[in-house]
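The values are calculated or read from the model by the stated rules, or taken from the named source; none is laboratory data. Note that the structure is predicted; figures quoted are calculated from it, not measured. Heads up, the Cβs are rebuilt from the backbone with ideal geometry, glycines too, and the neighbour counts pull from every protein chain shown. What goes into the accessible areas is simple: the full protein's heavy atoms, side chains included, and nothing from ligands, DNA or RNA. Shrake-Rupley method; radii C 1.70, N 1.55, O 1.52, S 1.80 Å.
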Amino acid sequence: MAETMKGLHRTHRCAELGTADIGSTVTVMGWVQKSRNKGGIIFVDLRDRSGILQLIFEEADCGSGNFAKAEKFRSEFVIAAVGRVEARSGAVNENLETGAIELRVEEARILSEAQTPPFPIESGSKTKEEMRLKYRFLDLRRPDIQSKLMLRSQVATKVRAVLAEEGFLEIETPILIKSTPEGARDYLVPSRVHQGKFYALPQSPQLFKQLLMCSGYDRYFQIAKCFRDEDLRADRQPEFTQIDMEMSFVDVDDVIAVNERLLQKVFKDAVGLEIELPIPRMTWQEAMDRYGSDKPDTRFGMELVNVSEVVKGCGFGVFTGALENGGSVRGINAKGQGQMPRKKIDALVEFAKGFGAKGLAYAAIQPDGSCKSSFAKFMTEEQMKALVDAMDGQPGDLLLFAADKNPVVWDVLGNLRLELARTLELTDKNQFHFLWVTEFPLLEWSEEQERYVAMHHPFTMPMEEDLDKLDTDPGAVRAKAYDIVLNGTELGGGSVRIFQGDVQEKMFEVLGFTKEQAQERFGFLLDAFKYGVPPHAGLAYGFDRLMMLMTGADSIREVIAFPKVKDASDLMTNAPDVVDEVQLEELGIAVTAAQEEE
């Protein structure tokens, strides 16, 4: 039968004890990791969030009653123990913080018994993730998960402290807001009071933080919950956390400077990493040309090379056809991979097709300098040599080429580069390469909607020198937008905002909004802009992504306490689920089952 804590007060967490406490009488509480009965002496590993402490029970010290209790201990029992800290009688355990001591128990209490858990509570669990997420309350006891969530808490505290020093105010914005469908789909919440009308859950606090700048708060931040009803992807969450901020009377350099100081202090305090400032910058165009990605991983080379001029006029129709259609021919050099088996090269070709390539041309440079190639027969020796030279090809290298419209070539080679880095193990999780990517395109053409859409959002300021192109060449307009990238992952992004009414009207016009539509969707913001709005800019980090990279986790689910799986469901609570008919009636909602087609 479980006992109570009456009269007991915990004095220390398990791993707070050390050799300095030898001789002290202390009280600890936690979960039984394991128990070993050696006949007349019982060793118990007690675990709490701080770590593990070895307890030792001998009948002469703790009495027959307490020894009998210890004989009942099983994995995950919750116990309390009072005893004297001693130097460990056996060999020191170098793998434990408390490996030089043990607690000789004088009194023990079983506070809660436990069934045998469905999987071992241990770091580096090999249990399938679906099982661990179904029993997430047990999975969260694992020391490796606890250390990640404790670091997350420390980082959040540090972010608050640093931004407060920088003059930011923490202000909460609403969770129930107006739906403004421009971008990802909103999660909708029906209103009981206003039947037939809906709130939306915020995809970000964007409009409200801009209103706070209009209201004179100057510097705002928030660690904000955000929601996006996105299509299923393995490492996306329908609800996620942003470190969100906005600043008045600033331009690009001001925002970047504040955030470089923030990153430097947080990484130094949290994981002991020294970030050298300033962080390198690269324009979007340069990132795409060199890496085929607007979030390039710069921990390794294998950069894209534009060989369009070199192959112009060659006899290979795939290359010349792409150039005639306004595209390009680009390649990457997989150094030292010239002897890659044909089967693996064919697998790379199939991989490339998954990103829109019609195929992949390759040339394997042999040790004697000759080429085994899929297209050499269409080229003269001089043309082939010029191509190899342009790629800095050396004996033993594998050259891979894509030819198509620029977006396809970038996508294919950018992803191929990452795939090769993964299979060849070219990256190191312990390296941290930061990069600012700037001057994004303001707009991108949507084939589906047959109109330009905002690459970031409709309130992003164009580069001043490109303003005249909004009428003549919208696709060429660059934005005063910037992303912070770490190891090929976008940590955060932001922009300088439009604060002039005429520029905002022009932006809505280019996006295909009528004045009436713009007023209907964003009227409260446009109205606020009529009463004196300061120049302002902001940025938001994906907090979950930041923690994933900081902890070396393989997935953001490892750094979120209660994550959802890729179909946006919660395996532990079985959400989403049906609700009572009465609740639906109160909301004026009827659920109609979709009929299956015969």
Could you tell me which residue of region 195-218 is farthest from Leu169 (Cα to Cα), considering only residues that are charged (D, E, K, R) and surrounded by fewer than 19 Cβ atoms within 10 Å (Cβ to Cβ)? Lys197
Quick check on my filter: what residues within region 184-194 are open to solvent by 70 Å² or more (accessible area, probe 1.4 Å) and out of contact with any Asp or Glu (no Cβ under 8 Å at 6 or more places or on another chain)? Leu188, Val193, His194
Residues of region 296-324 satisfying the condition of being part of a loop (DSSP other than H, G, I, E, B), out of contact with any strand residue (DSSP E or B) (no Cβ under 8 Å at 6 or more places or on another chain) and of a type outside the set (D, E, K, R): Phe300, Gly301, Gly313, Cys314, Gly315
Mind checking which residues of region 209-254 are over 18 Å from Pro563 (Cβ atoms) and β-branched (Val, Ile, Thr)? Ile243, Val250, Val252
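Conditions tested, residue by residue: (1) more than 20 Å from Leu360 (Cβ to Cβ); (2) open to solvent by 40 Å² or more (accessible area, probe 1.4 Å); (3) basic (Lys, Arg); (4) at pLDDT 95 or above.
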| site | (1), (2), (3), (4) |
| --- | --- |
| Val266 | yes, no, no, yes |
| Asp269 | yes, yes, no, yes |
| Pro278 | yes, yes, no, yes |
| Asp289 | no, yes, no, yes |
| Gly292 | no, no, no, yes |
| Lys295 | yes, yes, yes, yes |
| Glu303 | no, yes, no, yes |
| Val311 | no, no, no, no |
| Asn325 | no, yes, no, no |
Kindly indicate whether any position in region 4-14 is in contact with a helix residue (DSSP H, G or I) (Cβ under 8 Å, 6 or more places away or on another chain), within 22 Å of Met150 (Cα to Cα) and open to solvent by less than 40 Å² (accessible area, probe 1.4 Å). no
Filter region 20-38 down to residues that are assigned to a loop (DSSP other than H, G, I, E, B), in contact (Cβ under 8 Å) with a residue 12 or more places away in the chain and not hydrophobic (A, V, I, L, M, F, W, C), then give me how many there are. 2
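Got a sec? Which helices (runs of 4 or more DSSP H) wholly within region 367-484 have at least 3 residues that are closer than 30 Å to Leu549 by Cα?
By residue number, 406-423.
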Open to solvent by less than 40 Å² (accessible area, probe 1.4 Å), under 39 Å from the mean Cα position of the chain (by Cα), modelled with pLDDT of 95 or more and not aliphatic (A, V, I, L, M) - does that describe any residue in region 75-85? yes
Are there any helices (runs of 4 or more DSSP H) wholly within region 39-141 with 3 or more residues that are over 30 Å from Lys566 (Cβ atoms), and if so which? 59-72
Any residue at all in region 92-103 that's surrounded by 15 or more Cβ atoms within 10 Å (Cβ to Cβ), under 23 Å from Met5 (Cβ atoms), of a type in the set (A, V, I, L, M, F, W, C) and touching an Asp or Glu at 6+ places or on another chain (Cβ under 7 Å)? no
Among Ala357, Ala363, Ala270, the single one that is in a strand (DSSP E or B), in contact (Cβ under 8 Å) with a residue 12 or more places away in the chain and small (Gly, Ala, Ser) is Ala363
Residues of region 231-252 that turn out to be charged (D, E, K, R), in contact (Cβ under 8 Å) with a residue 40 or more places away in the chain and either open to solvent by 60 Å² or more (accessible area, probe 1.4 Å) or touching a Ser or Thr at 6+ places or on another chain (Cβ under 8 Å) (or both), as a count: 5
Which one of these does Val255 not meet: (1) farther than 30 Å from Ala476 by Cα; (2) surrounded by 15 or more Cβ atoms within 10 Å (Cβ to Cβ)? (1)
Do you know which of the residues in region 112-163 that are out of contact with any Phe, Trp or Tyr (no Cβ under 8 Å at 6 or more places or on another chain) and of a type in the set (S, T, N, Q) is least open to solvent (accessible area, probe 1.4 Å)? Gln146
Extreme residue, farthest from Gly331 (Cα to Cα), among residues of region 384-404 that are out of contact with any strand residue (DSSP E or B) (no Cβ under 8 Å at 6 or more places or on another chain) and open to solvent by 50 Å² or more (accessible area, probe 1.4 Å): Lys385
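When the residues of region 360-371 are filtered to those that are closer than 21 Å to Leu304 by Cα and not hydroxyl-bearing (Ser, Thr, Tyr), which remaining residue is most open to solvent (accessible area, probe 1.4 Å)?
So, considering only residues that are closer than 21 Å to Leu304 by Cα and not hydroxyl-bearing (Ser, Thr, Tyr), the one most open to solvent (accessible area, probe 1.4 Å) is Cys371.
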